[in-house]
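Student: My questions will all concern the structure given below.
The values are calculated or read from the model by the stated rules, or taken from the named source; none is laboratory data. Keep in mind it's a predicted model, so treat the numbers as computed, not measured. Glycine gets a Cβ as well: all are built from the backbone with ideal geometry, and neighbour counts include every protein chain shown. Each accessible area value is taken on the protein alone, full model and side chains, heavy atoms only, with ligands, DNA and RNA left out. Shrake-Rupley method; radii C 1.70, N 1.55, O 1.52, S 1.80 Å.
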Amino acid sequence: HRYDIEGLKSRIDGIKTEDNPALVRQKSRDFFWYSPTLKRQLENVTGDILVSPASESEVLRVLAAAYELGIPVTPRGTGTGNYGQAMPLSGGVVLDMSGMDKVKEIGPGRLVAEPGAMLAKIDRQTRPHSGQELRLFPSTYATASLGGFIAGGSGGVGSIRWGGLRDAGNVLSLKVATMEASPRVLTLTGDDLHKVAHAYGTNGIITEVSVPLAPAYTWVDVIVGFDTLAAAAAYANALGEQDGLLLKELAVIAAPVPHDVFLRHQKFLPREKHIAVVMVAEHALDATLAFTRRFAGAEVLFRQDVMSPEELRGLPPAFELAWNHTTLRALRIDPSITYLQTLYPFPNQLDLVEKTRERFGDEVMAHLEFVRFDGKITCFGLPLVRFTSEERLDEIIRIHEDMGVPVFNPHRYTLEEGGMKQTDAVQLAFKREADPRGLLNPGKMIAWENPDYDYTSGKTYLFPGLADRA
Ligand code: FAD
């Protein structure tokens, strides 16, 4: 070992640990292999020990001991991130938060939970308790943790109504443990939440989360088909703008992807149809169908409400056709597929979607996720890309950006390259305060390693501490 793991173990006696290399390696991975670039770079990354605290006080003991011994600590929820966020680039401790999974309090419009609580399990408690549910969740609802979503995710199912995680009010408060000689627990609210939200666990360990709840509805899956991508996108945009229709999910996927990759729904999806995937509250279904009839050429291909339990058996929920589940299903059919994350800024979103289609043809297949963004309906994209080389992928990204379509690059493991390509001064300042030795999830925040890094260089950042054990 590069680190004094025995010394660590003796200091955290009584806390659950695992150092079988095969098991540690398994818990040192996430869905990084979605990206051919990350697959190449991170394949051999592994921690030295898995530590599974059961309480906040155990988290503090682990952080104090690892601080003293100079051992890196990388937190992990359930490891469903897509960019190696939870992968320990310099080895050390993988801090498995999944055992801290208690729902502590459910009140009108809000929830308090431990960070390891899984999203679907939370709703299984809030629904019977008081007819409430989470507002927002990633399409990995069934397996992802609440803390991992806040530290590593951005939005998803529910964003058509509530916007993204970064929007004010979508996280209410966080308790965060610092990594110092005597770790502290800080409570963050309001704008201070940005210090650690979407910081990949680089500047604090979240030990408690409070998020808002919404009334729980029965959601009905509907799929509508169109002859052109432009018609499907225009419909989705107009549907999203209907303030009286309560929607939970609204995506558009270009033909022939739906037929080719949604195998369980295949019989409903003619190969030439571009589709809109909609989740609508039961009470708004009639009005949604009436609105849909206003669109010439719109054809309802699938309605969950008219199907028998036998017909529905084995069909995934509509949201598991959306967000990065679309990518996952495509990858399973064709491993040479990869993807991008794009934003088509308001008010030109439909125009930009069409221009992108014209520019790339079949090399970049549209997958749009309609969201409410600062009060306006627009769309993000998770387009599927036929991968040929890393150079061509970078070129495709550059062309998008030149066209006015920002790309949040999912082929980079750093916060900055995957985000705004600039230093986040708030997160960096908080890291100086909360992690003075730079031991939390090393290598993910370029600004910490290299404050003068030139984001315009066009080069990929390579973390010098990346332990290559190939
Ligand atoms: P992990 O992957 O375990 O961790 C994520 C990050 O959070 C890591 O940097 C980790 O170090 C950090 N972290 C975890 N716990 C803590 C803690 N307690 N304190 C501090 N830091 C912590 N994401 C979306 O936003 N929207 C989507 O719709 C979406 N769809 C997806 C679909 C598929 C098929 C896949 C594979 C991924 C998808 N993702 C999506 C990405 C991911 O599933 C979500 O962001 C998920 O919420 C991450 O939760 P997790 O528990 O798996 O986190």
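Student: Tell me, please, whether a residue that is of a type outside the set (Gly, Ala, Ser) and loosely packed, with under 14 Cβ neighbours inside 10 Å can be found in the range 28-39. First the steps, then the outcome.
Tutor: First, the residues of the range 28-39 that are of a type outside the set (Gly, Ala, Ser): 29-34, 36-39.
Within this subset, residues satisfying the condition of being loosely packed, with under 14 Cβ neighbours inside 10 Å are none.
For the range 28-39, residues of a type outside the set (Gly, Ala, Ser) and loosely packed, with under 14 Cβ neighbours inside 10 Å: absent.
Student: Hey, among the residues in the range 174-204 that are hydroxyl-bearing (Ser, Thr, Tyr) and surrounded by fewer than 17 Cβ atoms within 10 Å (Cβ to Cβ), which one's farthest from the ligand (Cβ to nearest atom)?
Tutor: Taking the range 174-204 first, the residues hydroxyl-bearing (Ser, Thr, Tyr) are 178, 182, 187, 189, 200, 202.
The next check asks that each one be surrounded by fewer than 17 Cβ atoms within 10 Å (Cβ to Cβ); those that pass are 182, 187, 189.
Working: SER182: 19, THR187: 14, THR189: 17 Å.
The qualifying residue farthest from the ligand (Cβ to nearest atom) is SER182.
Okay, residues lined up against (1) more than 23 Å from ARG372 (Cβ to Cβ); (2) assigned to a helix (DSSP H, G or I); (3) at pLDDT 95 or above:
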{"residue": "ALA234", "(1), (2), (3)": "no, yes, yes"}
{"residue": "LEU250", "(1), (2), (3)": "no, no, yes"}
{"residue": "PRO258", "(1), (2), (3)": "yes, yes, yes"}
{"residue": "ARG264", "(1), (2), (3)": "yes, yes, yes"}
{"residue": "ALA276", "(1), (2), (3)": "no, no, yes"}
{"residue": "MET279", "(1), (2), (3)": "no, no, yes"}
{"residue": "ALA284", "(1), (2), (3)": "no, yes, yes"}
{"residue": "ALA287", "(1), (2), (3)": "no, yes, yes"}
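Student: Assess whether THR356 counts as being in a helix (DSSP H, G or I) and open to solvent by less than 20 Å² (accessible area, probe 1.4 Å).
Tutor: Numbers: in a helix (DSSP H, G or I): yes; open to solvent by less than 20 Å² (accessible area, probe 1.4 Å): yes.
So THR356 passes the test.
Student: May I pose another question? What pairs can you find where one residue is in the range 72-101 and without any contact (Cβ under 8 Å) to a residue 60 or more places away in the chain, the other is of a type in the set (S, T, N, Q) and near the ligand (Cβ under 8 Å from one of its atoms), and their Cβ atoms are less than 6 Å apart, with a gap of 6+ or different chains?
Tutor: SER98/THR78
Student: Restricting to the range 371-394, name every residue that is within 19 Å of the chain's Cα centre (by Cα) and open to solvent by 10 Å² or more (accessible area, probe 1.4 Å).
Tutor: Answer for the range 371-394, where residues must be within 19 Å of the chain's Cα centre (by Cα) and open to solvent by 10 Å² or more (accessible area, probe 1.4 Å): ARG372, PHE373, PHE380, LEU382.
Student: If you don't mind, another one. Do you know which residues across the range 211-229 are within 30 Å of PRO128 (Cβ to Cβ), away from the ligand (no atom under 14 Å from the Cβ) and either open to solvent by less than 30 Å² (accessible area, probe 1.4 Å) or aromatic (Phe, Trp, Tyr) (or both)?
Tutor: Quick first cut of the range 211-229, residues within 30 Å of PRO128 (Cβ to Cβ) only: 211-223.
Keeping just the survivors that are away from the ligand (no atom under 14 Å from the Cβ) gives 212-223.
Once the filter is applied, which keeps residues that are within 30 Å of PRO128 (Cβ to Cβ), away from the ligand (no atom under 14 Å from the Cβ) and either open to solvent by less than 30 Å² (accessible area, probe 1.4 Å) or aromatic (Phe, Trp, Tyr) (or both), the range 211-229 yields PRO212, LEU213, ALA214, TYR217, TRP219, VAL220, ASP221, VAL222, ILE223.
Student: Quick test of your reading of the structure: ALA232 fulfils all but one of (1) within 15 Å of the ligand (Cβ to nearest atom); (2) free of Cβ contacts under 8 Å to residues at least 60 places away in the same chain. Name the failing condition by number.
Tutor: (1)
Student: Out of all the residues in the range 101-115, is one or more within 12 Å of the ligand (Cβ to nearest atom), of a type outside the set (S, T, N, Q) and out of contact with any Asp or Glu (no Cβ under 8 Å at 6 or more places or on another chain)? Write out each step before concluding.
Tutor: Applying the first criterion (within 12 Å of the ligand (Cβ to nearest atom)) to the range 101-115 yields 101, 113-115.
With of a type outside the set (S, T, N, Q) added as a condition, the list becomes 101, 113-115.
Pick out the ones that are also out of contact with any Asp or Glu (no Cβ under 8 Å at 6 or more places or on another chain) and you get none.
No, because not a single residue in the range 101-115 is within 12 Å of the ligand (Cβ to nearest atom), of a type outside the set (S, T, N, Q) and out of contact with any Asp or Glu (no Cβ under 8 Å at 6 or more places or on another chain).
Student: Here is a further query. How about the range 133-148: which of its residues are assigned to a strand (DSSP E or B) and either near the ligand (Cβ under 8 Å from one of its atoms) or open to solvent by 30 Å² or more (accessible area, probe 1.4 Å) (or both)? Steps first, please.
Tutor: First, pick out the residues of the range 133-148 that are assigned to a strand (DSSP E or B): 133-134, 137, 145.
Within the range 133-148, PHE137, SER145 meet the criteria.
Student: For residues that are part of a helix (DSSP H, G or I), over 13 Å from VAL62 (Cβ atoms) and either touching a helix residue (DSSP H, G or I) at 6+ places or on another chain (Cβ under 9 Å) or in contact (Cβ under 8 Å) with a residue 24 or more places away in the chain (or both), tally how many sit in the range 11-22.
Tutor: Of the range 11-22, the ones part of a helix (DSSP H, G or I) are 11, 21-22.
In the following step, the residues that additionally are over 13 Å from VAL62 (Cβ atoms) were identified as 21-22.
When the remaining residues are screened for being either touching a helix residue (DSSP H, G or I) at 6+ places or on another chain (Cβ under 9 Å) or in contact (Cβ under 8 Å) with a residue 24 or more places away in the chain (or both), the result is 21.
Going through the range 11-22 one residue at a time, the tally reaches 1.
Student: Which of the residues that make up the range 51-85 are of a type in the set (Ser, Thr, Tyr) and not in a helix (DSSP H, G or I)? Please lay out each step first, then the result.
Tutor: First, pick out the residues of the range 51-85 that are of a type in the set (Ser, Thr, Tyr): 52, 55, 57, 67, 74, 78, 80, 83.
Matches in the range 51-85: SER52, SER55, THR74, THR78, THR80, TYR83.
Okay, residues lined up against (1) surrounded by 18 or more Cβ atoms within 10 Å (Cβ to Cβ); (2) part of a loop (DSSP other than H, G, I, E, B); (3) out of contact with any strand residue (DSSP E or B) (no Cβ under 7 Å at 6 or more places or on another chain); (4) in contact (Cβ under 8 Å) with a residue 40 or more places away in the chain:
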position	(1), (2), (3), (4)
GLU310	no, no, yes, no
GLY314	no, yes, yes, yes
ASN324	yes, no, yes, yes
ALA330	yes, no, no, yes
PRO335	no, yes, yes, no
PHE360	no, no, yes, no
GLU369	yes, no, no, yes
